[in-house]
């Protein structure tokens, strides 16, 4: 994040609790510090935009420190789930200056050596448009995303989490299930496996704890989507028992065509802070459209 | 099949009920005929190996004609399901001269123009090793597969069908299910979809009737495997409700590692017709091994 923000032309400084990461960043010429309190005080002094980029289990402790040392700073995060983070932010009294974010990019690597100034180039970066967001903070968060090379997808936290369950977390759950079904067939089955099995199981090669972190943080949405999938599969099973899979394959094919044809124009003409701007951005995001530039500022 | 067999150095002639396909093959210099009875009589005259290469619903009619006009010919097939074809063969009284086959290759195209002499190059070709198979016929079927450029995987019909359900038919069912779950999230979800969704849904782009034909023909095995998958997913759902997905991800990851490490040496030293040859080939196939050449003939 530090590297990408600086590459995007920003004055950026960072905290990391790992002193070896801080040393590595410093020796590459970046402004990093291992002292959270002094970094937050500095953020408060310069009215920085604070980006919380820690795993979900660490978010609450960081927010507690923000609430103590920099409660008036604009605040965002890059955690892969949005409603639970928004809840934590609220519980720490930081709601007024918070706009959540989720850049849909990343690798399985971690640590400073894995940081990449181009990580967000061409990525989609969800920026929350929940009721009550501050348009000045929203602008700053969207500007950060654009400066990092991403396009902005406006979405409500709950809708983001539902979408993520559908297109990111369920794929992992089904890939694990398929991998298990294949291995249960032994070496003969695995020898006969071809493209459909290879592609359907690819993400089962992700480190289990990474998958757990994603899925468990989004448990509420994933449970609902998983129940839907169980119902689809149960219906398919019952229909197959009667001799036909056509209800499943017709609907699945049609759904896949919708995915292939997915649109997404550019969002233009909506000014953060103008009347109904949050509703308008929500509606635009629901059509699959993205923001590639910010309209001229009409308020501070 | 005709094109591949001829490319493999065989004297081959074919029947197709489509006269336009027969004309197209003839104008390319192939020996094709639209008269089933005369083709079967010719097969009987020259003691040909008959290859039934029609969709499952058409198999029974073709077998009836074989039983009437060429009952003593060696007989194989290339249908994607093996136990149901073996049952039909038995019901037509053709069991003694039958050895089933399934070349694991193909495209979504059909018709003579889509035929390809290199279709089976490097493919795996399952050849059945059910009890009671004739070693002379088995040799001829395996030789056909090898001449077409494939390697031979010996498998019992029921084990083939179970494996196909796991590594070919379940992937389709899960891909359809995932495509539906994604589309239900609307344009926003589809806009956020990335690699895991793309790969997990790829085969949902297959023509629905092709998927139906595969799945419905293998209904018995697919139902059992689908019930297993439903149980895996239900267990994962219950565990997620308790806050953890690690049981699923640990087992899924381990299964995927087994797939990536899948072995498969070459089968050597088993001579069709020698004592226990069928059991030995079955055991070898279960280790993931393949046959790339036939041992010298020890019987006729």
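The values are calculated or read from the model by the stated rules, or taken from the named source; none is laboratory data. It should be emphasised that the depicted structure is a prediction, and the values quoted were computed from it without experimental measurement. Cβ placement follows ideal geometry from the backbone for every residue including glycine, while neighbour counts extend to all protein chains displayed.
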> What number goes with the only condition from (1) closer than 27 Å to residue A:209 by Cα; (2) modelled with pLDDT of 95 or more; (3) more than 13 Å from the chain's Cα centre (by Cα) that residue A:111 does not pass?
Replying inline: (2)
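Yes or no, residue by residue, for (1) surrounded by 21 or more Cβ atoms within 10 Å (Cβ to Cβ); (2) over 18 Å from the mean Cα position of the chain (by Cα):
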position	(1), (2)
B:54	no, no
B:76	yes, no
B:80	yes, no
B:91	no, yes
> Any residue at all in the range A:178-198 that is under 23 Å from the mean Cα position of the chain (by Cα) and either in the same structural domain as residue A:85 (by TED's automatic domain parsing) or over 15 Å from residue B:240 (Cβ atoms) (or both)?
Replying inline: no
>> So, in the range A:98-129, exactly how many residues are more than 22 Å from residue A:280 (Cβ to Cβ) and not in a loop (DSSP other than H, G, I, E, B)?
In response: 4
> Looking at the range B:210-240, which of its residues are in contact with a helix residue (DSSP H, G or I) (Cβ under 9 Å, 6 or more places away or on another chain), more than 8 Å from every other protein chain (Cβ to nearest Cβ) and part of a helix (DSSP H, G or I)?
Replying inline: B:210, B:213, B:214, B:217, B:220, B:221, B:224, B:235, B:239
>> If I filter the range B:157-197 down to residues being more than 7 Å from chain A (Cβ to nearest Cβ) and in contact with a helix residue (DSSP H, G or I) (Cβ under 6 Å, 6 or more places away or on another chain), which single residue comes out as farthest from residue B:228 (Cα to Cα)?
In response: B:157
> If a residue has to be in a helix (DSSP H, G or I), free of Cβ contacts under 8 Å to residues at least 12 places away in the same chain and farther than 28 Å from residue B:103 by Cα to count, how many in the range B:167-191 make the cut?
Replying inline: 9
> Of the numbered conditions (1) part of a helix (DSSP H, G or I); (2) under 28 Å from the mean Cα position of the chain (by Cα); (3) facing chain A (nearest Cβ under 8 Å), residue B:249 satisfies every one except a single condition; which is it?
Replying inline: (2)
> When you look at residue B:143, is it more than 9 Å from chain A (Cβ to nearest Cβ), out of contact with any helix residue (DSSP H, G or I) (no Cβ under 6 Å at 6 or more places or on another chain) and in a helix (DSSP H, G or I), yes or no?
Replying inline: yes
>> For the range A:192-209, check the following and say yes or no: at least one residue is assigned to a helix (DSSP H, G or I), under 30 Å from residue B:259 (Cα atoms) and touching a strand residue (DSSP E or B) at 6+ places or on another chain (Cβ under 9 Å).
In response: yes
> Just wondering, is there one or more residues in the range A:157-165 that are crowded, with 19+ Cβ neighbours inside 10 Å and within 26 Å of residue A:18 (Cβ to Cβ)?
Replying inline: no
> Quick check, is residue A:26 closer than 20 Å to residue A:147 by Cα and surrounded by fewer than 17 Cβ atoms within 10 Å (Cβ to Cβ)?
Replying inline: no
> In the range A:198-209, what residues are modelled with pLDDT of 95 or more and more than 7 Å from every other protein chain (Cβ to nearest Cβ)?
Replying inline: A:198
>> Going by what's in this entry, would residue B:137 be described as in the same structural domain as residue B:74 (by TED's automatic domain parsing) and either surrounded by 23 or more Cβ atoms within 10 Å (Cβ to Cβ) or closer than 21 Å to residue B:228 by Cβ (or both)?
In response: no
>> Condition check: buried (at least 18 other Cβ atoms within 10 Å of the Cβ) and closer than 18 Å to residue B:160 by Cα. Does residue B:128 satisfy that?
In response: yes
> Taking residue A:164, is it within 30 Å of residue A:58 (Cα to Cα), at pLDDT below 95 and either within 16 Å of the chain's Cα centre (by Cα) or not in a helix (DSSP H, G or I) (or both)?
Replying inline: no
> Do you know which residues across the range A:254-289 are facing another protein chain (nearest Cβ under 7 Å) and either over 30 Å from residue B:213 (Cβ atoms) or surrounded by 20 or more Cβ atoms within 10 Å (Cβ to Cβ) (or both)?
Replying inline: A:255, A:256, A:259, A:263, A:264, A:285, A:286, A:287, A:288
> Condition test on residue B:243, is it closer than 30 Å to residue A:225 by Cβ, at the interface with another protein chain (Cβ under 7 Å from one of its Cβ atoms) and either surrounded by fewer than 20 Cβ atoms within 10 Å (Cβ to Cβ) or in contact with a strand residue (DSSP E or B) (Cβ under 6 Å, 6 or more places away or on another chain) (or both)?
Replying inline: yes
